[in-house]
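Have a look at the structure below before the remarks.
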Amino acid sequence: MLGPVLLAAARSDSIRRLVSAAPITRPVVDRFVAGEQLDQCLTAVTSLAGRGMEVTIDHLGEDITDRSEALRNRDAYLALTDALSAAGLAEHAEMSVKLSAFGQALPGGHDLAYENVLPVVEAATAAGTTVTLDMEDHTTVDSTLAILGQLRERFPRTGAVVQSYLFRTEDDCHALAGEGSRVRLVKGAYKEPAEVAFQDKREVDKAYVRCLKVLMAGKGYPMVGSHDPRMVAIAQNLAERYGRKKDEYEFQMLYGIREAEQERLVTQGHRMRVYVPYGTDWYGYFMRRLAERPANMAFFLRSLVSRG
């Protein structure tokens, strides 16, 4: 029951102010967020790359309220692209973007988001890397996939994220599993109504496996976004069943979560990509991480007690 409460809190300005002001929050946030500034992010990326891992970087900034914020987020990604290129990290690091940060929820948001994300994808391609479009709540799926289709006409390596807890996702996987596609499959981290999404964890897990089968059997490049040991093992078995080599799919996990498992997969020769968020607008991301796993919340509470 705690998860839905935390997901609701992720959109509460009053709780945001309370949590942000708590002295304990910053040290705990540092587990999940690679700093507020670009140079801190690059330090984390360099460390991960040195340990044989790939990276996808998210500049945090969603639920914006005006066009100027969308432009600032666009410019932050352009600066990130330049920095990755200058540091020689582009071959190890791609970028993840939330289209809400580019204005998707504003009036005329679909066209605005495309207009703002296009130069980022262009710059990423020029730098030798690429972009994956993160998926947000169910109301954004059609717009996000439509923008993906537009981008892939010119930049076919542009990736997408799909969430297994949505009823529609298995069909979306069939549509996306074509030649050259890059699809990250996750379970989902937003509070969704029962009319559009599975509510029971077992049903979400079953849907994840069904979607994973579609992606592994397809002609695209599956990106297995899960910390669940069962899903990791199932992904390995399915890859073997469908004759995929270890460089024909990858695992993805979040920065600061199950680091020993990340190292283990790299040691086994798997491609392991770490999702690295950075930026000042960390609150919504942080609350979703607490909601996803009881262990994350327990970590937060232990930190409160130990510093109390």
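A few remarks follow.
- Amide H contacts of residue 257 (H built 1.01 Å from N, in plane; Pro and chain starts excluded): no residue 5 or more places away or on another chain comes under 5 Å.
- The stretch 80-135 - percent of accessible surface contributed by carbon and sulfur, probe 1.4 Å: 52
- The tail of the calculated P(r) for the stretch 78-155, taken as Cα-Cα distances beyond 15 Å, holds 53 percent of the pairs.
- The Stokes-Einstein estimate for the stretch 241-282, based on a Kirkwood radius over Cα pairs and taken at 10 °C with 1.306 mPa s viscosity, is a diffusion coefficient of 136 µm²/s.
- Under 23 Å of direct C-alpha separation, and excluding same-chain neighbours fewer than eight residues apart, residue 201 reaches these lysines: 187, 191, 213.
- Quotient of Cα Rg and 2.2 N^0.38 Å for the stretch 19-169, N being how many residues it contains: 1.06
- Those aspartates and glutamates that a straight Cα-Cα span of less than 19 Å connects to residue 206, excepting residues fewer than 8 apart in one chain: 170, 171, 172, 192, 195, 228, 292
- Cα-based reach from residue 219 at 19 Å (exclusive), listing lysines while leaving out same-chain residues under 8 positions away: 245, 246
- At R0 = 25 Å, FRET efficiency that the Cβ-Cβ distance of residue 145 and residue 67 yields, to 0.05: 0.60
- 1.4 Å probe accessible area per residue over the stretch 151-286, in Å²: 44
- With a 1.4 Å probe rolled over the protein heavy atoms of all chains, the accessible area of 152, 184 falls in the order 152, 184, largest first.
- Note on residue 74: accessible area is roughly 60 Å² with a 1.4 Å probe, heavy atoms of protein only.
- Cα pair distances exceeding 15 angstrom across the stretch 171-261, given as percent: 60
- Here is the list for the stretch 224-281: trypsin sites (Lys or Arg not before Pro) lying in DSSP coil, each with at most 12 other C-beta atoms within 10 angstrom of its C-beta, are 245.
The values are calculated or read from the model by the stated rules, or taken from the named source; none is laboratory data. What you see is a predicted model; the values in this text were computed from it and never measured. Quick reminder, even Gly has a Cβ in these numbers, built from the backbone with ideal geometry, and neighbours come from all protein chains shown. We work out accessible area using only protein heavy atoms, side chains counted, and drop any ligands, DNA or RNA first. Shrake-Rupley method; radii C 1.70, N 1.55, O 1.52, S 1.80 Å.
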